1. From the residues in the stretch 228-244 that are part of a loop (DSSP other than H, G, I, E, B) and open to solvent by 20 Å² or more (accessible area, probe 1.4 Å), which one is nearest to the ligand (Cβ to nearest atom)?
2. Checking K72 against (1) assigned to a helix (DSSP H, G or I); (2) closer than 21 Å to E109 by Cα; (3) more than 13 Å from the chain's Cα centre (by Cα): exactly one of these is not met. Which one?
3. Would you pick out the residues in the stretch 306-321 that are more than 16 Å from the ligand (Cβ to nearest atom) and either under 24 Å from I134 (Cα atoms) or surrounded by fewer than 15 Cβ atoms within 10 Å (Cβ to Cβ) (or both)?
4. Condition check: touching a Pro at 6+ places or on another chain (Cβ under 9 Å) and open to solvent by less than 20 Å² (accessible area, probe 1.4 Å). Does I67 satisfy that?
5. Evaluate the following for E303: is it within 16 Å of the ligand (Cβ to nearest atom), out of contact with any Pro (no Cβ under 9 Å at 6 or more places or on another chain) and either among the acidic types (D, E) or not assigned by TED's automatic domain parsing to the domain that holds R160 (or both)?
6. Find the residue count for the stretch 250-305, including only residues that are in a loop (DSSP other than H, G, I, E, B), open to solvent by 30 Å² or more (accessible area, probe 1.4 Å) and under 30 Å from S342 (Cα atoms).
7. Restricting attention to the stretch 19-30, does a residue exist that is in contact with a Lys or Arg (Cβ under 7 Å, 6 or more places away or on another chain), among the hydroxyl-bearing types (S, T, Y) and either assigned by TED's automatic domain parsing to the domain that holds K418 or open to solvent by less than 10 Å² (accessible area, probe 1.4 Å) (or both)?
8. Condition first: among the hydrophobic types (A, V, I, L, M, F, W, C), open to solvent by less than 60 Å² (accessible area, probe 1.4 Å), modelled with pLDDT under 95 and at negative phi. Can you find one or more residues in the stretch 374-384 that meet it?
Amino acid sequence: MHSNNQLPKLTPVISDWMPKLMNDKVLLDSLFAAYGSPINIHYLPEFDKNIDTFRKVFTKHGISYQIFYAHKANKSKSIVKCAQENGIGVDTASYRELLQALEAGVKSENLTVTAAIKTEKLLQLAVENNVLVILDNEDECNLLNTIAKKLDKQTPVGFRVSGFNTDMGKLYSRFGFDLDEVSSFITSTCSPQGEHSNLSYTGLHFHLNGYSTEQRGAALSQCIILAEKLKDNGFTTQFIDIGGGFLINYLQFKNEWKAFREELKKAVKGERKEITFNNDGLGYQLIDNKLQGKLATYPFYNEVNGDLFLEKILSFRYKNKASVTELLRDKDIEIRMEPGRSLLNQVGMTLAKVVFRKKDMRGRWLVGLDMNMSQLKSSSTDYLADPLTAFAPAPKHLVEVYFTGAYCLEQDIVLKRKIALPNLPQIGDIIGFVNTAGYMMHFFETQAHLFELSVNLSLEISKEIYDFRDFKNDKRNV
Ligand SMILES: Cc1ncc(COP(=O)(O)O)c(C=O)c1O
């Protein structure tokens, strides 16, 4: 066994509002008394800030643009309203997301439907409100055209494109029309004589899996070339939407991120004490005494994130020729983006109350939180950042704990990481998970055991001291 058995830290990037809140235990107690546990808190001034960061990049490059907040990343109405107030658009992925955005007063021209499954009800709502629909396949085109025809309307559409050429060959996606076929499909079916004559072609769209700026740059370049081809055939591309997937940075220190991965590998190889529950490799595995696999979490530490990530896309040179910005010059094409996670960077926290402490049969401290695993769940293997704490005063006595949740599953471990705390939490102490607004708090939440969904509160102002009335209840009915 290795000598260094200290737990690696992953210090989160935090904003002022987070410790300010966590330092006010009296206020937090009043929020828990009113709303139960867990509570999701959204601080909207950070959302405004994130919008401005992206805006500056487009302005600097003289590119006409629009930003669409990808609603799917968070269910709160307050954020949709905030998007509307900022004059940005909303990308919707279901009937209820679209309805919520319409009810928040988002204008039709600032809405888009990119849902993976587009039901008749959703498309009907979109057509009635002149909302742009991004089409994925021929069946969708047929259904949308039928609805538009019935309502005697020309309805705006964009086409999702995939199959872009990259250094690694053609990029696979289950979504979209193939790059090599989409132009002839549009020109033959969306013409006045075509079978989709009630669809008005307005633009192109892609959303790529993963986080490569090169692939996004290459895809955008190929869409610009495609737009030229369509123009030659009389179809004007008003916009190209480059989707979402803009990396954010959750962690303060590169060396901690590196050390964490090293220690995790050592633990899996049995060279040190576990740093995750039951020595979960988070993607690494020991097979025939050899370490295999790779870390299957979100890449929590990123130097190229947010505006820099966008910069990289816009300055990308496809086939080492003109940059995206140069290709766009004099083209009159608006660039749209659909960020979810990156607009929610630093916007949210999930707070939960400590209910019990116990030692398991292996001598590990388990701290039971009044929440469950679905309320802090990533689409990748785990959430990885140290939590903040609001503890009642207690003598310092370093302790290592796992946080466990309310579901009747052995695997309801809220964080797989073992966390070092200055002292054992007391019942009623509060644990605050940082930067959870993008996907972590809502995307996978379930109501097993008939637990209520967590309450969403939003703070709309920046001020020195908060009081109870500053927290607006989102009152969701989902
Ligand atoms: C079509 C589409 N647009 C935008 C997004 C938002 O991506 P992100 O939140 O990573 O920016 C997604 C996410 O899955 C998506 O599928």
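The values are calculated or read from the model by the stated rules, or taken from the named source; none is laboratory data. Values in this document were obtained by computation on a predicted structure and should not be read as measured data. Reconstructed Cβ throughout: ideal geometry from the backbone, glycine too, with neighbour counts over all protein chains shown. Protein only, heavy atoms only, side chains kept; ligands, DNA and RNA dropped before computing areas. Shrake-Rupley method; radii C 1.70, N 1.55, O 1.52, S 1.80 Å.
1. Here is the first cut: in the stretch 228-244, the ones part of a loop (DSSP other than H, G, I, E, B) are 233-238, 242-244.
Pick out the ones that are also open to solvent by 20 Å² or more (accessible area, probe 1.4 Å) and you get 233-236, 238.
Working: N233: 26, G234: 28, F235: 22, T236: 23, Q238: 18 Å.
Ranking the qualifying residues of the stretch 228-244, first place goes to Q238.
2. Single failed check for K72: (3).
3. Answer for the stretch 306-321, where residues must be more than 16 Å from the ligand (Cβ to nearest atom) and either under 24 Å from I134 (Cα atoms) or surrounded by fewer than 15 Cβ atoms within 10 Å (Cβ to Cβ) (or both): L314, S315, K319, N320, K321.
4. Working: touching a Pro at 6+ places or on another chain (Cβ under 9 Å): yes; open to solvent by less than 20 Å² (accessible area, probe 1.4 Å): yes.
When the stated conditions are applied, I67 passes them.
5. Values: within 16 Å of the ligand (Cβ to nearest atom): no; out of contact with any Pro (no Cβ under 9 Å at 6 or more places or on another chain): yes; either among the acidic types (D, E) or not assigned by TED's automatic domain parsing to the domain that holds R160 (or both): yes.
Judged against the criteria, E303 is not a match.
6. At the first step, the residues of the stretch 250-305 found to be in a loop (DSSP other than H, G, I, E, B) are 250, 252-253, 269-275, 280-281, 283, 288-289, 293-305.
Okay, now just the ones that are also open to solvent by 30 Å² or more (accessible area, probe 1.4 Å), so 252-253, 269-271, 273-274, 280, 283, 288-289, 293-296, 299, 301, 303-305.
Filter once more, keeping what is under 30 Å from S342 (Cα atoms): 252-253, 280, 283, 293-296, 299, 301, 303-305.
Here the count works out to 13.
7. Applying the first criterion (in contact with a Lys or Arg (Cβ under 7 Å, 6 or more places away or on another chain)) to the stretch 19-30 yields none.
No, the stretch 19-30 contains no residue that is in contact with a Lys or Arg (Cβ under 7 Å, 6 or more places away or on another chain), among the hydroxyl-bearing types (S, T, Y) and either assigned by TED's automatic domain parsing to the domain that holds K418 or open to solvent by less than 10 Å² (accessible area, probe 1.4 Å) (or both).
8. Step one: of the stretch 374-384, the residues among the hydrophobic types (A, V, I, L, M, F, W, C) are 376, 384.
Now narrow it down to the ones that are open to solvent by less than 60 Å² (accessible area, probe 1.4 Å): 376, 384.
Imposing the further condition that a residue be modelled with pLDDT under 95 reduces the set to 384.
Right, trim to at negative phi and you get 384.
Yes - at least one qualifying residue is present in the stretch 374-384.
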